[in-house]
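Structure record follows, encoded as structure tokens.
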Amino acid sequence: MGVRLNLCNLTVEYGAFTALDGLHFSVKEGAFVALIGPNGAGKSTLLRCISRILQPTRGAIYLDDRDLHKLPLKQLSRLMAVVPQDTAVDFDFTVEEIVFMGRYPYLGRLQKETPRDREIVQEAMQTTGIAHLAQQPATSLSGGERQRVVIARALAQEPEILLLDEPTANLDINYQVDFLELARKLNREKGITIIAAIHDLNLAAQYFDDFILLSDKKILAAGKPEEVLTPENMNIAYRTPVVIGRSPLHGKLVITVLKHWHPDKKGTLNAGQRVHVIGGGEEAVPVLSLLREAGFQLSVGPVTREDSSHRFAAYHRLPVITLPPFSPISDEYYRQHLDLIREADFVVIPSIPFGCGNMRNLEAVEEAISSRTRVLILEEQPFSLRDYSKGKAGAVYERIKAKGALLLPDKETLLSALEAFSAG
Amino acid sequence: MPLKKRVPSSKTNPGVFLHTPWRKRLCLLLLLAILFLSFIYAVSIGAVYLNKTEILYIILEKISGYKNNDVALMDTSRDIVLNIRLPRVILAGLVGAALAVAGATFQGLFRNPLADPYIIGVSSGAALGASFAIVSGLSLGFAGFGAVPIMAFAGGLVAILLVYRLSRAGNRVSVMTLLLAGIAVNAFLSALVSLFVYFAGEKMHQVVFWMMGGLEGARWSYITGMAPYVLAGFLVIYFFARELNALLLGEDTAYFLGIDAEMFKKVFLVAASLLVSAAVSTSGIIGFVGLVVPHVVRLLAGPDHHFLLPASALTGAILLIGADTLARTVIAPTELPVGIITALLGAPFFLYLLRNQKKIRYFSRN
């Protein structure tokens, strides 16, 4: 796979304003590249430069070995097609007429379309799934359909490079996914090199192979998603703290923008109260989140680094006991846990599953429960359904209840109970 | 205003009647036939009614030199046909076609349904030239043209040039700036024209008459003088119909399709301006033909310029021949300025189109 596009010191200035500042990068043949970056970073300017709408002030773009900006326009339009962001059509052309315009670069003056042209137009409409709309006026289509018409037109140009400018910006979620599936199909099956400016980082991470991150008129990072989509890069480019994880469903990176926590007035009332939450399992996080928002000071019980409540604790810098993965809870961790529980005013056991691995967490609660350390149990699901220890954990659970732990059916009641207790 | 969403009912484009190539060809043939009939009819009526076969014989005789001894042609009939009515009807056809094609071109170029041939100042420039010639009593002659058409032609071109220079930034011309500069220049030149009219004294009615538009001055030299511009302008625009189609989708899109939008904007601007200047110089300012005709044709056949341009030319010619015939017969022996007729008929028709928004949907986004 050779290098197709090569940007050398690409600079664009509008008078005193610099829009792009000395960009260097290359795009390989057959690449599937997402161009990301905050608003105003220069994504559109870069795409407009590559599509030749804009002339660079300095530097050049090379297509193979030729200066892109010196290529005859007609020749360029056979190599490169562009799907602009705004696909609105003002005039009543039919879908087929619009797609047919993609053949203009191939038609000589006064030359009639050949059967081959018609075939290509048909194929382009079939690929994008708009063949049934061929005779409809383009003005009567929905935004998603119109975008397909514009892609079909781009395909009719038989391009080797396809530029997409914010292709998913105006689409609903279902069209967004459809669109990116289509783009990937074109990339994989037809070998079209695709460069797309895109805002939705998670969608981009799900589909694209390579990333270019623009920030402040420069390239901040370029390469594989793991190299580009790092919390540090995101923080510099978007000035927003993010957590980057992997989706359990497709294994691609998932970027979560972190919420800023502003405890409300009511929250400050709870500020002095320490609540310890037993971690382990997805159900603990909503409880942590709710209590955190209500202003309680939190600590989290022994969990492994992979656990979701561990990530929550790490981000909010909560006291947490970190276990080594796939290991039973040793006496030392048990003791640490006991200390953490005893420092707390309340202990909350969320509706999490228990097995032989984390049964000792329950035992620690049983040992610590006293009039000073109240225990609240959130039972959104009967314990028997969450007991993976053949009843051993269930026995401890029953003993905790017998020792005076408060049983609560849902998170709202849990919160009001905690608030009632802390208010005295 | 919200538009009713059309439910796609069939595979064909329900908004457009003439969607197949053969229907379009048939339509052009039909228009050609109507043009011929209205041409003969227009030549036949007037102060003296002439027999239609007689007219055909006279024309045939003139063209081929063939003499038919069975028909006794009166010299007066021959005179009326050849020297009075024929040049007038032909000029009406040429002017109508020129205005309609220029209107279609400007509407496409500006992607604006309200664009008409006079949108960027040709009319006021021409009016200034003409009123100057009339008021000053300028005596000037060139190739059978008097001072008024020459000055009008020059004035129109100068106005366009001015608008163009004003709206150019570097090597680029923004369509929006062009439109705005056109409005400003139009207003300024119109004020100058009013000034001339104010001081025109007894020649005032002449200036006003000219501005209302009329074909009463028609003579062969006008036709031979303007026909080349009209023909050249039309051919250039038609030759680049594909480019004009692409420009309808926006300049960037045209550029992505390998079309040098900047260059073609200039090409269309020059060609359409020549058409309008040629029309205005011989017949004054005739309104509404250039605005309404392209709309009607788009309604029937969609915006494809391969059809829109020739069909607009034919329809424009038919319309102006009809309007001019009406103008010179409706209160005969006095003539009405044809511009009054076209505006009287055109404006209500345009309003009708506006009221039936569905029908000008081709300009609206949904």
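The values are calculated or read from the model by the stated rules, or taken from the named source; none is laboratory data. Please read all numbers here as calculations on a predicted model, not as lab measurements. Positions of Cβ are generated from backbone atoms using ideal geometry, with glycine treated the same way; all protein chains shown enter the neighbour counts.
Considering only helices (runs of 4 or more DSSP H) fully contained in region A:128-211, which possess at least 1 residues that are within 14 Å of another protein chain (Cβ to nearest Cβ)? Give the derivation first.
Values: elements: A:143-156, A:173-190, A:201-207.
Once the helices (runs of 4 or more DSSP H) in region A:128-211 are filtered for at least 1 residues that are within 14 Å of another protein chain (Cβ to nearest Cβ), what remains is A:143-156.
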Check on A:A34, away from chain B (no Cβ under 14 Å) and closer than 21 Å to A:A152 by Cα: yes
Q. Scanning for something under 15 Å from A:Q85 (Cα atoms) and over 17 Å from the mean Cα position of the chain (by Cα), does region A:125-143 turn up at least one residue?
A. yes
Residue set A:L407, A:L378; condition of a type in the set (A, V, I, L, M, F, W, C), surrounded by fewer than 20 Cβ atoms within 10 Å (Cβ to Cβ) and closer than 18 Å to A:F421 by Cα; output residue A:L407
Quick count over region A:64-91, residues being over 18 Å from A:R148 (Cβ atoms), in a loop (DSSP other than H, G, I, E, B) and at the interface with chain B (Cβ under 7 Å from one of its Cβ atoms), is 2
The lone condition B:P303 fails out of (1) outside any helix (DSSP H, G or I); (2) within 22 Å of A:D92 (Cβ to Cβ); (3) more than 11 Å from chain A (Cβ to nearest Cβ) is (3)
Considering every residue within region B:306-313, establish whether at least one is farther than 19 Å from A:F93 by Cα and either at pLDDT 90 or above or within 14 Å of another protein chain (Cβ to nearest Cβ) (or both). yes
Output for Cβ contacts, cut-off 9 Å, separation at least six or different chains, first residue over 19 Å from B:V207 (Cα atoms) and of a type in the set (A, V, I, L, M, F, W, C) in region B:331-348, second exposed (fewer than 14 other Cβ atoms within 10 Å of the Cβ) and modelled with pLDDT under 85, reads B:A332/B:A47
Filtering region A:371-395 for residues that are modelled with pLDDT of 90 or more and of a type in the set (V, I, T) leaves a count of 2
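So that you can scan it fast, the table gives a plain yes or no per residue for (1) modelled with pLDDT of 80 or more; (2) surrounded by fewer than 16 Cβ atoms within 10 Å (Cβ to Cβ); (3) closer than 26 Å to B:R298 by Cβ:
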{"site": "B:P14", "(1), (2), (3)": "no, no, yes"}
{"site": "B:W22", "(1), (2), (3)": "no, yes, yes"}
{"site": "B:L29", "(1), (2), (3)": "yes, yes, yes"}
{"site": "B:A33", "(1), (2), (3)": "yes, yes, yes"}
{"site": "B:F36", "(1), (2), (3)": "yes, yes, yes"}
{"site": "B:Y41", "(1), (2), (3)": "yes, yes, no"}
When restricted to B:L326, B:L244, the only residue more than 14 Å from chain A (Cβ to nearest Cβ) and modelled with pLDDT of 90 or more is B:L326
- Message: Based on this model, can you work out whether A:G40 counts as touching a residue at least 40 places away in the same chain (Cβ under 8 Å), out of contact with any Phe, Trp or Tyr (no Cβ under 8 Å at 6 or more places or on another chain) and on the phi > 0 side of the Ramachandran plot?
- Response: no
Considering residues that are under 24 Å from the mean Cα position of the chain (by Cα), among the small types (G, A, S) and part of a strand (DSSP E or B), the number found within region A:30-63 is 1
For region A:155-189, the count of residues that are within 17 Å of A:V27 (Cα to Cα) and not aliphatic (A, V, I, L, M) equals 6
The condition from (1) part of a helix (DSSP H, G or I); (2) under 18 Å from the mean Cα position of the chain (by Cα); (3) farther than 14 Å from B:P310 by Cα that B:K203 misses is numbered (2)
Checked against (1) within 34 Å of the chain's Cα centre (by Cα); (2) more than 22 Å from A:A402 (Cα to Cα); (3) of a type outside the set (G, A, S), A:N358 satisfies every condition except (2)
The residue that is nearest to the other protein chains (Cβ to nearest Cβ), considering only those in region A:92-124 that are hydrophobic (A, V, I, L, M, F, W, C) and not in a helix (DSSP H, G or I), is A:F93
Is region A:18-36 home to any residue that is free of Cβ contacts under 8 Å to residues at least 12 places away in the same chain and surrounded by fewer than 20 Cβ atoms within 10 Å (Cβ to Cβ)? no
A:V275 vs (1) at pLDDT below 90; (2) farther than 30 Å from A:N9 by Cβ: all pass except (1)
Conditions (1) exposed (fewer than 14 other Cβ atoms within 10 Å of the Cβ); (2) touching a residue at least 24 places away in the same chain (Cβ under 8 Å); (3) of a type in the set (S, T, Y) -> A:T11 fails only (1)
For B:I84, the lone unmet condition from (1) at pLDDT 70 or above; (2) under 27 Å from B:P310 (Cα atoms); (3) surrounded by 15 or more Cβ atoms within 10 Å (Cβ to Cβ) is (2)
A careful count of residues in region B:247-269 that are within 14 Å of another protein chain (Cβ to nearest Cβ) and in contact with a Ser or Thr (Cβ under 7 Å, 6 or more places away or on another chain) gives 3
Scanning region A:345-368 residue by residue, the ones that are out of contact with any Gly (no Cβ under 7 Å at 6 or more places or on another chain) and within 22 Å of A:S416 (Cα to Cα) total 8
Hey, does region A:378-401 have a residue that's under 12 Å from A:V347 (Cβ atoms), without any contact (Cβ under 8 Å) to a residue 60 or more places away in the chain and of a type in the set (K, R)?
no
Checked B:M212, B:M226, B:M204 against criteria (buried (at least 21 other Cβ atoms within 10 Å of the Cβ) and over 27 Å from A:L73 (Cβ atoms)); the one match is B:M226
| task | Answer yes or no: is there a residue in region B:270-278 that is more than 10 Å from every other protein chain (Cβ to nearest Cβ), assigned to a helix (DSSP H, G or I) and surrounded by fewer than 19 Cβ atoms within 10 Å (Cβ to Cβ). | result | yes
